[in-house]
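Structure first, commentary second.
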Amino acid sequence: MPQSDRVRNAMWAAYAIAASGAIGLVTIGLFFGVGQPFGTLNDISLIVMTLAIAPVMLGSYELGGVTPLWPARISLAGGIGGCLVWSVVQLGMILGYVTFNYESAAIGWFAVETVALIVIGAWLIGAPLLAGPWLPPLLRWLGAISGVGIVVFAAGLLLGGVNHPLTYIGGIGYSVLLPIWAYLLARLLGRIRRT
């Protein structure tokens with residue numbers, strides 16, 4: 001696949017992250033206010049958001065950075081693997097094959113999904129900071145802060161479930177900053193494609 005195709009795919013995927021993140025915020029609010037089916041709709045929007053991160057990872061890899069080739073490839077493979085594992089487990093939860101107890105510390109499949117989220121967050125911390133000159137400072141730091149939010153969110157889930165203070169703090173990075181970063185990144189990738 002030519003580099004321009006990967007950048008185009010990353011751009012559309014970044015828009016998908018932004019849109020599904022916005023839908024996720026609305027549906028989680030409606031779930032707490034109204035109940036189902038908004039919880040399931042929120043879960044679906046999170047799967048779309050997480051799967052869309054993988055093409056963004058590939059597009060960022062194509063545009064380059066300061067990381068040597070093999071560490072960059074390992075990071076890319078780990079990040080994409082984290083997106084896939086998280087999405088498969090989440091889909092299993094939606095379909096009723098996997099059950100989670102959100103009220104207590106993550107164990108079993110919930111812990112597997114949470115560790116995958118840490119891998120995704122770790123990629124998001126490092127990749128923007130180590131990106132080449134194509135990524136401006138604002139997007140470097142916003143991406144890294146979003147990644148820290150994802151890791152903190154996941155740490156809260158591992159330590160105590162959805163009601164752990166770290167889950168609330170990290171949720172801001174995961175649910176708010178990540179979609180904002182993705183929207184700004186999509187606009188940048190659109191400009192890069194035109195030049």
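The values are calculated or read from the model by the stated rules, or taken from the named source; none is laboratory data. Since we're looking at a predicted model, the values are computed, not measured. FYI the Cβ positions are ideal-geometry reconstructions off the backbone, even for glycines, and counts take in every protein chain you see.
Yes or no, residue by residue, for (1) over 20 Å from Tyr174 (Cα atoms); (2) touching a Lys or Arg at 6+ places or on another chain (Cβ under 7 Å); (3) among the aliphatic types (A, V, I, L, M); (4) crowded, with 17+ Cβ neighbours inside 10 Å:
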| residue | (1), (2), (3), (4) |
| --- | --- |
| Ala52 | no, no, yes, yes |
| Val56 | no, no, yes, yes |
| Leu95 | yes, no, yes, no |
| Ala105 | no, no, yes, no |
| Val112 | no, no, yes, no |
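Considering only helices (runs of 4 or more DSSP H) fully contained in the range 1-113, which possess at least 2 residues that are within 26 Å of Arg194 (Cα to Cα) and modelled with pLDDT under 90?
Once the helices (runs of 4 or more DSSP H) in the range 1-113 are filtered for at least 2 residues that are within 26 Å of Arg194 (Cα to Cα) and modelled with pLDDT under 90, what remains is 3-33, 38-63.
Considering only the range 17-50, state which residues are surrounded by fewer than 17 Cβ atoms within 10 Å (Cβ to Cβ) and either of a type outside the set (A, V, I, L, M, F, W, C) or at positive phi (or both).
Correct list: Gly29, Gly33, Gly35, Gln36, Pro37, Gly39, Thr40.
Name the pairs whose Cβ atoms lie under 6 Å apart, with the first residue in the range 50-74 and without any contact (Cβ under 8 Å) to a residue 60 or more places away in the chain, the second of a type in the set (D, E, K, R) and not in a loop (DSSP other than H, G, I, E, B), and 6 or more positions between them or separate chains?
From residues that are without any contact (Cβ under 8 Å) to a residue 60 or more places away in the chain, the pairs are Leu58/Arg6; Glu62/Arg6.
Of the conditions (1) under 23 Å from Arg73 (Cα atoms); (2) free of Cβ contacts under 8 Å to residues at least 12 places away in the same chain, Thr195 clears all except one; give me its number.
With (1) under 23 Å from Arg73 (Cα atoms); (2) free of Cβ contacts under 8 Å to residues at least 12 places away in the same chain applied to Thr195, the lone miss is (1).
Quick check, is Gly33 more than 21 Å from Val148 (Cβ to Cβ) and either without any contact (Cβ under 8 Å) to a residue 12 or more places away in the chain or not charged (D, E, K, R) (or both)?
The answer is yes for Gly33.
Any residue in the range 131-155 that is in contact (Cβ under 8 Å) with a residue 40 or more places away in the chain sitting within a Cβ distance under 8 Å of a residue that is of a type in the set (D, E, K, R)? List the pairs, counting only those 6 or more apart or interchain.
Pairs found: Ala131/Arg140.
So, Ile80, is that one of a type in the set (Val, Ile, Thr), on the phi < 0 side of the Ramachandran plot, crowded, with 17+ Cβ neighbours inside 10 Å and under 12 Å from the mean Cα position of the chain (by Cα) or not?
yes
Got at least one residue in the range 126-136 being modelled with pLDDT of 95 or more, crowded, with 23+ Cβ neighbours inside 10 Å, out of contact with any Phe, Trp or Tyr (no Cβ under 6 Å at 6 or more places or on another chain) and more than 15 Å from Leu46 (Cβ to Cβ)?
Checked the range 126-136: no residue is modelled with pLDDT of 95 or more, crowded, with 23+ Cβ neighbours inside 10 Å, out of contact with any Phe, Trp or Tyr (no Cβ under 6 Å at 6 or more places or on another chain) and more than 15 Å from Leu46 (Cβ to Cβ).
Between a residue in the range 175-187 that is surrounded by fewer than 22 Cβ atoms within 10 Å (Cβ to Cβ) and any residue that is of a type in the set (Lys, Arg) and in a helix (DSSP H, G or I), which pairs come within a Cβ distance under 7 Å, given they are 6 or more apart or on different chains?
Note: no pairs meet the criteria.
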